[in-house]
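Peer 1: Dropping the structure in here first, questions after.
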Amino acid sequence: DGGITQSPKYLFRKEGQNVTLSCEQNLNHDAMYWYRQDPGQGLRLIYYSQIVNDFQKGDIAEGYSVSREKKESFPLTVTSAQKNPTAFYLCASSPSGRAPQETQYFGPGTRLLVL
Amino acid sequence: AQSVTQLGSHVSVSEGALVLLRCNYSSSVPPYLFWYVQYPNQGLQLLLKYTSAATLVKGINGFEAEFKKSETSFHLTKPSAHMSDAAEYFCAVSVSQRVGYQKVTFGIGTKLQVIP
(Lines give C-alpha, C1' and ligand atoms only; values in the text may rest on other atoms or scores of the structure.)
Protein backbone atom coordinates (compact mmCIF):
# COMPACT_ATOMS: atom_id res chain seq x y z
CA ASP A 1 0.00 0.00 0.00
CA GLY A 2 1.20 3.49 -0.82
CA GLY A 3 1.65 5.95 1.95
CA ILE A 4 3.89 7.97 4.20
CA THR A 5 5.84 6.57 7.10
CA GLN A 6 7.37 8.57 9.92
CA SER A 7 9.75 7.36 12.56
CA PRO A 8 10.11 7.24 15.41
CA LYS A 9 6.63 7.60 16.84
CA TYR A 10 8.05 9.19 20.00
CA LEU A 11 11.38 10.98 20.34
CA PHE A 12 13.07 12.42 23.37
CA ARG A 13 15.58 15.22 23.13
CA LYS A 14 18.09 16.33 25.70
CA GLU A 15 19.23 19.92 26.07
CA GLY A 16 21.71 20.92 23.38
CA GLN A 17 21.07 17.85 21.29
CA ASN A 18 20.14 17.68 17.62
CA VAL A 19 17.57 15.06 16.67
CA THR A 20 16.39 13.86 13.27
CA LEU A 21 12.88 12.83 12.33
CA SER A 22 12.46 10.48 9.42
CA CYS A 23 9.83 10.76 6.67
CA GLU A 24 9.54 8.37 3.73
CA GLN A 25 6.86 8.20 1.03
CA ASN A 26 6.17 5.68 -1.72
CA LEU A 27 3.45 7.67 -3.46
CA ASN A 28 5.86 8.94 -6.13
CA HIS A 29 5.03 12.49 -5.10
CA ASP A 30 7.35 15.35 -5.98
CA ALA A 31 6.38 17.65 -3.10
CA MET A 32 6.98 17.00 0.59
CA TYR A 33 6.29 19.11 3.65
CA TRP A 34 7.01 19.32 7.36
CA TYR A 35 4.44 20.79 9.73
CA ARG A 36 4.52 21.45 13.43
CA GLN A 37 1.31 21.00 15.40
CA ASP A 38 0.77 22.60 18.81
CA PRO A 39 -2.52 22.53 20.73
CA GLY A 40 -4.79 25.36 19.68
CA GLN A 41 -2.48 26.55 16.89
CA GLY A 42 -3.33 24.26 14.03
CA LEU A 43 -0.56 23.25 11.63
CA ARG A 44 2.36 25.52 10.85
CA LEU A 45 4.67 24.92 7.89
CA ILE A 46 8.34 24.41 8.72
CA TYR A 47 9.90 23.48 5.36
CA TYR A 48 8.75 22.22 1.99
CA SER A 49 10.38 20.72 -1.06
CA GLN A 50 9.03 20.45 -4.59
CA ILE A 51 11.99 18.65 -6.11
CA VAL A 52 15.05 16.69 -5.13
CA ASN A 53 17.96 18.78 -3.87
CA ASP A 54 15.78 21.84 -3.41
CA PHE A 55 13.75 23.02 -0.42
CA GLN A 56 12.28 26.24 0.90
CA LYS A 57 11.64 27.69 4.33
CA GLY A 58 8.11 27.80 5.57
CA ASP A 59 6.62 30.04 8.22
CA ILE A 60 8.60 28.76 11.22
CA ALA A 61 11.92 27.40 9.87
CA GLU A 62 14.20 28.81 12.60
CA GLY A 63 15.90 26.06 14.56
CA TYR A 64 15.15 23.38 11.96
CA SER A 65 16.97 21.98 8.94
CA VAL A 66 16.05 19.54 6.16
CA SER A 67 17.55 17.69 3.24
CA ARG A 68 16.05 16.17 0.10
CA GLU A 69 18.62 13.83 -1.42
CA LYS A 70 16.05 11.33 -2.63
CA LYS A 71 12.54 11.79 -3.93
CA GLU A 72 11.17 9.39 -1.33
CA SER A 73 12.83 10.89 1.73
CA PHE A 74 12.62 14.25 3.52
CA PRO A 75 14.24 14.09 6.98
CA LEU A 76 13.85 16.95 9.45
CA THR A 77 16.53 17.85 11.98
CA VAL A 78 15.51 19.75 15.09
CA THR A 79 18.62 21.59 16.17
CA SER A 80 19.66 22.85 19.58
CA ALA A 81 18.74 26.33 18.36
CA GLN A 82 15.07 25.38 18.55
CA LYS A 83 14.32 26.37 22.14
CA ASN A 84 10.80 25.02 22.34
CA PRO A 85 10.76 21.82 20.27
CA THR A 86 8.05 19.95 22.16
CA ALA A 87 5.31 19.36 19.58
CA PHE A 88 3.72 16.87 17.23
CA TYR A 89 5.50 16.85 13.86
CA LEU A 90 3.68 15.86 10.70
CA CYS A 91 5.18 15.05 7.34
CA ALA A 92 3.03 15.34 4.22
CA SER A 93 3.34 14.95 0.48
CA SER A 94 1.41 15.98 -2.62
CA PRO A 95 1.79 15.14 -6.31
CA SER A 96 3.57 18.34 -7.34
CA GLY A 97 2.93 21.06 -4.75
CA ARG A 98 2.20 23.41 -7.64
CA ALA A 99 -1.58 23.14 -8.10
CA PRO A 100 -3.89 24.60 -5.45
CA GLN A 101 -6.43 21.79 -5.80
CA GLU A 102 -3.98 19.09 -4.79
CA THR A 103 -4.64 17.06 -1.69
CA GLN A 104 -1.87 16.69 0.85
CA TYR A 105 -1.32 13.22 2.27
CA PHE A 106 -0.07 12.97 5.83
CA GLY A 107 2.07 10.56 7.77
CA PRO A 108 1.15 9.35 11.29
CA GLY A 109 3.37 11.92 13.02
CA THR A 110 6.24 12.00 15.49
CA ARG A 111 5.80 13.37 18.99
CA LEU A 112 8.94 15.12 20.22
CA LEU A 113 9.44 15.62 23.93
CA VAL A 114 12.22 17.38 25.77
CA LEU A 115 13.89 15.64 28.73
CA ALA B 1 -2.77 36.57 1.96
CA GLN B 2 -5.34 33.98 2.89
CA SER B 3 -6.65 32.93 6.28
CA VAL B 4 -9.04 30.45 7.86
CA THR B 5 -11.21 30.92 10.94
CA GLN B 6 -12.77 27.96 12.67
CA LEU B 7 -15.40 29.07 15.14
CA GLY B 8 -15.39 26.94 18.25
CA SER B 9 -12.27 25.04 19.24
CA HIS B 10 -14.47 22.45 20.98
CA VAL B 11 -17.91 21.27 19.93
CA SER B 12 -20.03 18.70 21.76
CA VAL B 13 -23.01 16.91 20.26
CA SER B 14 -25.15 13.99 21.33
CA GLU B 15 -24.98 10.77 19.41
CA GLY B 16 -27.52 10.98 16.57
CA ALA B 17 -27.61 14.78 16.57
CA LEU B 18 -26.61 17.11 13.75
CA VAL B 19 -22.93 17.96 13.48
CA LEU B 20 -22.08 21.49 12.34
CA LEU B 21 -18.48 22.68 12.30
CA ARG B 22 -17.94 26.21 11.08
CA CYS B 23 -15.23 27.48 8.78
CA ASN B 24 -14.84 30.94 7.28
CA TYR B 25 -12.05 31.90 4.95
CA SER B 26 -10.42 34.97 3.52
CA SER B 27 -8.69 34.97 0.15
CA SER B 28 -7.91 37.56 -2.51
CA VAL B 29 -8.01 34.91 -5.24
CA PRO B 30 -10.44 32.04 -5.87
CA PRO B 31 -9.71 29.46 -3.20
CA TYR B 32 -9.80 25.73 -2.96
CA LEU B 33 -11.10 24.50 0.39
CA PHE B 34 -10.49 21.32 2.32
CA TRP B 35 -11.67 19.57 5.45
CA TYR B 36 -9.31 17.11 7.09
CA VAL B 37 -9.92 14.87 10.10
CA GLN B 38 -7.37 13.82 12.70
CA TYR B 39 -7.90 11.00 15.16
CA PRO B 40 -5.83 11.05 18.37
CA ASN B 41 -2.09 10.68 17.80
CA GLN B 42 -2.52 10.20 14.07
CA GLY B 43 -1.95 12.20 10.93
CA LEU B 44 -4.61 14.09 9.00
CA GLN B 45 -6.76 12.47 6.34
CA LEU B 46 -8.91 14.17 3.75
CA LEU B 47 -12.66 14.30 4.41
CA LEU B 48 -13.64 16.35 1.38
CA LYS B 49 -12.53 19.23 -0.82
CA TYR B 50 -14.07 22.02 -2.87
CA THR B 51 -12.51 22.54 -6.29
CA SER B 52 -15.20 24.73 -7.92
CA ALA B 53 -16.98 21.84 -9.68
CA ALA B 54 -19.96 21.92 -7.30
CA THR B 55 -20.76 24.07 -4.27
CA LEU B 56 -22.12 21.14 -2.25
CA VAL B 57 -19.37 18.64 -1.66
CA LYS B 58 -19.88 15.17 -0.27
CA GLY B 59 -17.10 13.41 1.55
CA ILE B 60 -16.37 10.25 3.42
CA ASN B 61 -18.24 8.97 6.48
CA GLY B 62 -21.43 10.87 5.62
CA PHE B 63 -19.93 14.36 5.89
CA GLU B 64 -20.65 17.16 3.46
CA ALA B 65 -19.84 20.84 3.14
CA GLU B 66 -21.28 23.72 1.19
CA PHE B 67 -19.18 26.47 -0.36
CA LYS B 68 -20.91 29.85 0.03
CA LYS B 69 -18.94 32.57 -1.68
CA SER B 70 -21.19 35.39 -0.47
CA GLU B 71 -20.62 34.33 3.13
CA THR B 72 -17.00 33.19 2.61
CA SER B 73 -17.91 30.01 4.42
CA PHE B 74 -17.33 26.29 4.03
CA HIS B 75 -19.14 24.71 6.99
CA LEU B 76 -18.95 20.97 7.57
CA THR B 77 -22.11 19.03 8.42
CA LYS B 78 -23.29 15.51 9.13
CA PRO B 79 -26.97 14.73 9.79
CA SER B 80 -26.40 12.22 12.57
CA ALA B 81 -23.31 12.01 14.76
CA HIS B 82 -21.72 8.68 15.52
CA MET B 83 -19.35 7.92 18.37
CA SER B 84 -16.61 7.22 15.83
CA ASP B 85 -16.83 10.84 14.61
CA ALA B 86 -15.06 12.05 17.75
CA ALA B 87 -11.86 13.61 16.40
CA GLU B 88 -10.30 16.95 15.53
CA TYR B 89 -11.33 18.59 12.29
CA PHE B 90 -9.27 21.06 10.31
CA CYS B 91 -10.44 23.43 7.61
CA ALA B 92 -7.81 24.54 5.10
CA VAL B 93 -7.64 27.03 2.23
CA SER B 94 -5.32 26.54 -0.71
CA VAL B 95 -4.35 29.10 -3.34
CA SER B 96 -1.67 29.66 -5.93
CA GLN B 97 0.57 32.02 -4.02
CA ARG B 98 2.75 32.49 -7.07
CA VAL B 99 3.23 30.57 -10.31
CA GLY B 100 4.04 26.99 -9.50
CA TYR B 101 3.47 27.05 -5.77
CA GLN B 102 0.49 25.85 -3.74
CA LYS B 103 0.09 27.68 -0.43
CA VAL B 104 -2.08 25.88 2.12
CA THR B 105 -3.25 27.56 5.32
CA PHE B 106 -4.88 25.50 8.06
CA GLY B 107 -7.34 26.60 10.70
CA ILE B 108 -6.65 25.96 14.37
CA GLY B 109 -8.93 22.93 14.43
CA THR B 110 -12.20 21.99 16.12
CA LYS B 111 -12.35 19.06 18.50
CA LEU B 112 -15.63 17.21 18.21
CA GLN B 113 -16.89 15.33 21.22
CA VAL B 114 -19.81 12.93 20.78
CA ILE B 115 -21.83 12.23 23.90
CA PRO B 116 -23.58 8.86 24.12
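The values are calculated or read from the model by the stated rules, or taken from the named source; none is laboratory data. These figures come from a predicted structure and were not determined experimentally. Note that each Cβ is placed from the backbone with ideal geometry, even for glycine, and that neighbours are counted across all protein chains shown. Ligands, DNA and RNA are excluded from the accessible area calculation, which covers all protein heavy atoms including side chains. Shrake-Rupley method; radii C 1.70, N 1.55, O 1.52, S 1.80 Å.
Peer 1: Explain nothing, just the number: relative contact order of chain A, from Cα pairs under 8 Å at least 6 residues apart, as a whole percent.
Peer 2: Relative contact order here is 35 percent.
Peer 1: Let me ask something additional. Which trypsin sites (Lys or Arg not before Pro) from region B:62-116 combine a DSSP loop assignment with at most 13 other Cβ atoms within 10 Å?
Peer 2: B:Lys69
Peer 1: With only Lys, Arg, Asp and Glu charged, each at its Cβ (+1 for the first two, -1 for the last two), find how big the charge dipole of chain B is about the Cα centre; round to the nearest 20 debye. Walk me through the numbers before you get to the answer.
Peer 2: Details: 9 positive and 6 negative charges, 75 e Å.
Dipole about the Cα centre, nearest 20: 360 debye.
Peer 1: A follow-up question, please. Got a number for the accessible area of B:Glu71? Probe 1.4 Å, square angstrom, nearest 10.
Peer 2: For B:Glu71, solvent-accessible area is about 100 Å².
Peer 1: What net charge do the residues around A:Trp34 carry, taking every other residue with its C-beta under 12 Å from that of A:Trp34, with Lys and Arg at +1 and Asp and Glu at -1?
Peer 2: Working: positive: A:Arg36, A:Arg44, A:Lys57, A:Arg68; negative: A:Asp59.
Summing Lys and Arg as +1 and Asp and Glu as -1 gives +3.
Peer 1: Leaving out same-chain residues fewer than 8 places away, which aspartates and glutamates sit with a Cα under 12 Å from that of B:Lys78?
Peer 2: B:Glu15, B:Glu64, B:Glu66
Peer 1: Under a point-charge model restricted to the Cβ atoms of Lys and Arg (+1) and Asp and Glu (-1), what is the dipole moment magnitude of the protein assembly as shown relative to its Cα centre, in debye to the nearest 20?
Peer 2: Numbers: 21 positive and 17 negative charges, 66 e Å.
Charge dipole of the protein assembly as shown: 320 debye, to the nearest 20.
Peer 1: Could I ask something else about it? Carbon and sulfur atoms: what percent of the 1.4 Å accessible area of region B:7-67 do they account for?
Peer 2: Solvent-exposed carbon and sulfur of region B:7-67 make up 52 percent of the total.
Peer 1: Output the peptides B:50-61, B:74-85 sorted from most to least packed, where packing is the average of other Cβ atoms within 10 Å over each peptide's residues.
Peer 2: My ranking of the peptides, most packed first, is B:74-85, B:50-61.
Peer 1: When the Cα centres of region A:32-64 and region B:49-108 are compared, how far apart do they sit, in Å?
Peer 2: Taking the Cα centre of region B:49-108 as reference, the centre of region A:32-64 is 22 Å away.
Peer 1: Can you tally the net charge around A:Glu72? Count Lys and Arg as +1, Asp and Glu as -1, for every other residue whose Cβ sits under 14 Å from the Cβ of A:Glu72.
Peer 2: With Lys, Arg at +1 and Asp, Glu at -1, the net is 0.
Peer 1: Starting from region A:1-102, pick out the GluC sites (Glu not before Pro) whose DSSP state is loop and whose Cβ has at most 15 other Cβ atoms within 10 Å.
Peer 2: Here the sparse-neighbourhood loop sites are A:Glu15, A:Glu62, A:Glu69.
Peer 1: Could you state how much accessible area is buried at the B-A interface, both sides summed, with a 1.4 Å probe, in Å² to the nearest 100? Let's see the in-between values first.
Peer 2: On the way: alone 6510 and 6370 Å², together 10890 Å².
Accessible area lost upon association: around 2000 Å².
Peer 1: With point charges of +1 on the Cβ of Lys and Arg and -1 on the Cβ of Asp and Glu, referenced to the Cα centre of chain A, which listed residue (A:Gly16, A:Val66, A:Val78) lies farthest in the positive direction of the dipole?
Peer 2: Going by the charge dipole, the pick is A:Gly16.
Peer 1: A further question follows. So what's the net charge close to B:Tyr32: Lys and Arg +1, Asp and Glu -1, counting the other residues with Cβ under 14 Å from its Cβ?
Peer 2: Net charge in that neighbourhood comes out at +3.
Peer 1: Can you figure out the FRET efficiency of A:Arg111 with B:Gln113, using R₀ = 25 Å and their beta-carbon distance, to the nearest 0.05? Kindly include the intermediate steps, with their values, before the conclusion.
Peer 2: Working: r = 22 Å, r/R0 = 0.88.
For R0 = 25 Å, the calculated efficiency reads 0.70.
Peer 1: Here's another thing I want to ask about it. Which one of A:Thr103, A:Ala92, A:Leu43 has its Cα pushed farthest toward the positive end of the charge dipole of chain A, where Lys and Arg give +1 and Asp and Glu give -1 at the Cβ?
Peer 2: My answer, from the dipole projection, is A:Leu43.
Peer 1: If A:Arg68, A:Arg98 are ordered by their accessible area, calculated over protein heavy atoms with a 1.4 Å probe, which sequence runs from highest to lowest?
Peer 2: Details: A:Arg68 5, A:Arg98 110 Å².
The ranking, largest first, comes out as A:Arg98, A:Arg68.
Peer 1: So, one more: Once you charge only the Cβ atoms, +1 for Lys and Arg and -1 for Asp and Glu, what is the size of the charge dipole of region A:58-115 about its Cα centre, to the nearest 20 debye?
Peer 2: It works out to roughly 100 debye.
Peer 1: Please work out how many pairs of lysine residues in chain A are eight or more positions apart (or on different chains) and have Cα atoms closer than 28 angstrom.
Peer 2: Taking the Cα cut-off of 28 Å, the pair count is 9.
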